[in-house]
Each structure stands twice: as structure tokens, then as C-alpha cells.
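Taking it in order: structure first as C-alpha cells, then the write-up.
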Amino acid sequence: MSTASLPISIAQITKTYGKTFALDHVDLEVRSGEFLTLLGPSGSGKTTLLTVLAGFTRPDGGSLKFGGTEMVTVPPHKRNVGMVFQNYALFPHMNVADNVGFPLKLRGVKSAEIRQRCERALEMVRLGGYGTRGVDQLSGGQRQRVALARAMVFEPRIMLMDEPLSALDKQLREHMQIELRQLHDKLGMTTVYVTHDQREALTMSDRIAVINAGRIMQLDTPRAIYERPKNRFVAEFIGESTFLPVVVTGGQVHLGHQALRTAVVPQTDGPQLLMLRPERLRLMGVNAIADTACNTIDATLVATVYQGDSSLFQAALPDGTLVSVRGSSSGSLAPGAPLRLSVAIEDTVLLAMEPAA
Ligand SMILES: Nc1ncnc2c1ncn2[C@@H]1O[C@H](COP(=O)(O)OP(=O)(O)OP(=O)(O)O)[C@@H](O)[C@H]1O
Ligand SMILES: [Mg+2]
């Protein structure tokens with residue numbers, strides 16, 4: 001299989017349906033050989049962007065380049081991209097080998113070579129020897145892998161995948177996530193992957209583009225998206241969090257009367273939001289000595305919810321605001337107990353004030 005791959009350059013791509021901006025002046029650079037995931041809620045424009053890349057949707061404006069070549073006016077069959085969609089749409093009346101060989105047949109490849117390349121593609125997805133099976137004799141995960149083999153068989157330099165695993169049960173999905181990623185690492189094709197499952201995106205991607213209402217809200221590594229969200233939408237969409245209003249004066253952050261140290265010293269004064277992830281907070285007794293790399297916040301325990309592998313604690317700040325804390329299920333704390341929350345300075349993240357998403 002080919003390991004050549006191409007970068008994708010998307011500039012100011014816009015697509016409207018009536019008054020709806022499915023894509024709103026999208027800029028996005030996908031690096032050569034990168035696994036990039038579009039992550040966003042339903043209706044945010046993920047599929048639209050993928051169909052623009054594939055050539056099925058003509059944008060109203062903007063530029064799309066594969067390896068420097070403008071593609072907007074190039075028809076789908078000349079773009080040479082591999083595609084896998086949610087409902088793997090195999091041809092039910094053809095066996096596995098004929099399904100996989102179909103793109104080669106379309107391209108006029110000779111049948112002996114088709115046979116050879118099909119078998120190689122099937123081995124790649126660990127279905128060697130399945131060529132003569134009917135597609136109705138396969139499990140969901142196997143069908144998904146046949147669809148993948150079909151997308152790869154003509155050695156595309158760009159692979160597009162739209163929620164390819166969403167129809168599978170959890171166990172198979174998690175298994176396929178790892179298989180897909182390994183396959184990508186082996187073949188090295190530039191991949192744009194769509195999901196609305198945050199864990200899937202965090203697991204599989206080199207970078208994630210979080211998209212909302214046709215706009216990219218943040219493009220970053222999984223770790224940066226989770227630990228350093230740039231805005232409230234990204235912070236709320238990925239993981240759990242509590243947001244507390246704070247006031248910044250002269251670079252100093254105040255939560256009520258308490259001063260806090262933050263990962264990044266804020267440059268502008270005024271109201272901002274403090275984001276706290278439940279699993280990054282610790283509960284401490286009032287007399288315990290906090291780590292010097294931590295902030296402590298006075299609170300009172302309100303409730304404990306046992307959740308098996310961990311417990312969720314609700315703590316109230318002096319002004320009554322509730323904060324969630326995830327912690328060990330062992331030990332018992334009585335409701336009403338005064339305590340302190342500790343949060344590492346590097347986990348103390350500020351966001352600009354903006355309306356909730
Ligand atoms: N053919 C169309 N005609 C009219 N509106 C459309 C069409 N295709 C998409 N839209 C609208 O464009 C917006 C983006 O749709 P898109 O299918 O790209 O969302 P998505 O992020 O893929 O959502 P999902 O997670 O539900 O698949 C939505 O508001 C949708 O209703
Ligand atoms: Mg979609």
C-alpha cells in the first residue's frame with residue numbers, strides 16, 4: 001500500500017442552506033499524514049465539511065487544496081479520497097471480494113491485479129481469506145472492516161470517515177478505535193475523522209477540531225483541548241466542569257475574598273470564569289496542609305453520591321455555589337462537614353466571560 005499522503009488546506013469555506021450557515025468561513029490546515037478529528041454536537045457542520053472535502057457538496061465560497069492543488073471544482077471521482085460512512089453501505093448482493101474490488105473495477109484495473117490488491121486490503125483489516133463470504137454472513141464489526149478495506153484498496157492519500165463506528169456496540173467500538181488508529185499509523189494517509197463522541201476523539205486523534213454552528217471553536221491536541229480549553233463551549237462540550245465567576249485586578253485572581261494562583265496569569269482585568277474539573281479537585285480537612293503548588297478553597301460538604309469506582313461529592317462554597325468533586329469511594333465524610341478543596345495551580349484555568357453555550 002502507498003504511504004504517500006497529502007496535506008489539506010481549507011480556507012474561508014462557507015456553505016449556507018437558506019439562512020443556516022452549515023459552514024461559516026472555516027479555516028483548517030490538516031497536516032500530511034495526520035489523524036484529525038472533527039468533534040461537535042449534532043448539526044454543527046461535521047458531515048457538511050466532510051462532503052465538501054469529498055466533493056459531494058459545493059461550498060458557496062472559499063478554497064480547498066489537497067497538497068497545493070485547488071479542488072473545489074474537481075468532481076468527487078477525480079479526488080481520489082477514500083471514504084467510510086456511518087452506515088457502511090456495502091453492496092448486499094456482492095461477496096466481500098467484489099465489494100472491496102469495486103473501486104478498482106471502476107478504475108479499469110485488470111482482474112488478476114484486483115484479486116491481489118483485494119486480498120492485501122483484506123489482510124490489512126484482518127479479514128484475509130474472507131473474500132468469498134457473503135456480506136450477510138459477517139458481523140457488524142467485520143462489515144465495517146470490509147468498508148474500510150474498500151476505502152483503502154485504491155491507496156488513497158486522503159481518508160475521510162464519518163462516524164464509522166457509531167453503529168457498533170461499545171466493546172467492538174473501542175476495539176475498532178484502536179485498530180483504526182494502528183492501521184492509520186501503518187499506512188500514514190491523511191485522515192479526517194468525524195465523531196460526536198468525545199472519548200473516541202480523545203483516544204484516536206493527533207489533533208481535534210471542535211466545531212459548533214459551522215465554526216471551529218478550537219484546534220488542538222487532545223490534551224490541550226481537555227486541559228486548556230480556549231472558551232466555554234469547548235470546556236462544556238468535553239468533560240465535566242464547574243464554572244465559577246472570579247474577578248481579576250492587576251493580574252490577581254479573586255474568588256470571593258480568596259486569592260487564587262492560575263496556570264496562566266491573566267493579562268486583562270475584569271470578571272472571568274474559573275473552570276474546575278471534578279477529578280482535578282481534592283477534598284481536604286480544614287487543618288490539612290495543602291501542597292504549595294495548589295490553591296485551596298473553603299467549602300462545606302453537601303452530599304456524597306457513591307458511583308462504584310469513585311464517588312461524586314457536592315461541596316458548597318461560602319456563597320452557596322455548588323462544586324462537584326470526584327474522589328475515592330473509600331472513607332466517609334458527613335454532610336455539613338467543613339472542608340477545603342484543593343486544586344493544583346496548573347489545573348486552575350480561566351476563561352473569558354461569555355454566554356453559556
Ligand atoms: N441538504 C441540506 N439541506 C438543508 N440543510 C442542510 C442540508 N444538509 C445539512 N443541512 C444543515 O446544515 C447543518 C449542518 O449539518 P451537518 O449534517 O453537517 O451536521 P453534523 O455535524 O454532521 O450533525 P450530526 O452529528 O447530526 O451528523 C444543520 O443545521 C443541517 O440541518
Ligand atoms: Mg453528520
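Determine by what factor the alpha-carbon radius of gyration of the stretch 8-236 differs from 2.2 N^0.38 Å, reporting the quotient.
On the way: Rg = 17.7 Å, N = 229, 2.2 N^0.38 = 17.3 Å.
Against the compact-globule rule of thumb, the ratio is 1.02.
Note the full-extension length gain between residue 319 and residue 240 as 0.36 nm times their separation in residues minus their Cα-Cα distance, in nm to one decimal.
Taking residue 319 through residue 240 to full extension adds about 26.3 nm, to one decimal.
Once R0 is set to 22 Å, what does the formula 1/(1 + (r/R0)^6) return for the Cβ-Cβ distance between residue 197 and residue 32, expressed as a FRET efficiency to the nearest 0.05?
That pair, residue 197 with residue 32, gives E of 0.25.
How would you rank 137-148, 75-86, 299-310, highest first, on the average number of other Cβ atoms within 10 Å across their residues?
On the way: 137-148: 19.5, 75-86: 16.8, 299-310: 13.2.
Result, highest mean first: 137-148, 75-86, 299-310.
Given a 1.4 angstrom probe, I'd like the percentage of the accessible area of the stretch 240-352 that is carbon and sulfur, rounded to a whole number. Numbers along the way, then the final one.
Numbers: 3220 of 5680 Å².
Using a 1.4 Å probe with all protein chains present, the stretch 240-352 comes out at 57 percent carbon and sulfur.
Using the heavy atoms of the protein chains alone and a 1.4 angstrom probe, what is the accessible area of the chain per residue in square angstrom?
On a per-residue basis, 48 Å².
Given contacts defined as C-alpha pairs under 8 Å and at least six residues apart, what's the relative contact order of the chain, whole-number percent?
It rounds to 16 percent for the chain.
For the pair residue 221 and residue 257, what calculated FRET efficiency results from E = 1/(1 + (r/R0)^6), where r is the Cβ-Cβ distance and R0 = 41 Å, to the nearest 0.05?
Once rounded, the FRET efficiency stands at 0.65.
Towards the positive end of the charge dipole of the stretch 8-236, with charges on Cβ (+1 Lys, Arg; -1 Asp, Glu), say which of 45, 18, 118 has the farthest Cα.
So the residue furthest toward the plus end is 118.
Viscosity 1.306 mPa s, temperature 10 °C: Stokes-Einstein D of the stretch 240-352 from its Kirkwood Cα radius, in µm² per second?
D = 111 µm²/s.
Round to the nearest 0.05 the FRET efficiency obtained for residue 346 and residue 310 when R0 = 22 Å and r is the Cβ-Cβ distance.
0.55
If the label point is 7 Å along Cα→Cβ of residue 337, which residues in the stretch 289-310 have backbone nitrogen under 20 Å from it?
Inside the label zone: 289-291, 296-310.
The values are calculated or read from the model by the stated rules, or taken from the named source; none is laboratory data. Because the structure is a prediction, the values reported are computed rather than measured. Positions of Cβ are generated from backbone atoms using ideal geometry, with glycine treated the same way; all protein chains shown enter the neighbour counts. Keep in mind that these areas ignore ligands, DNA and RNA; they rest on the heavy atoms of the full protein, side chains included. Shrake-Rupley method; radii C 1.70, N 1.55, O 1.52, S 1.80 Å.
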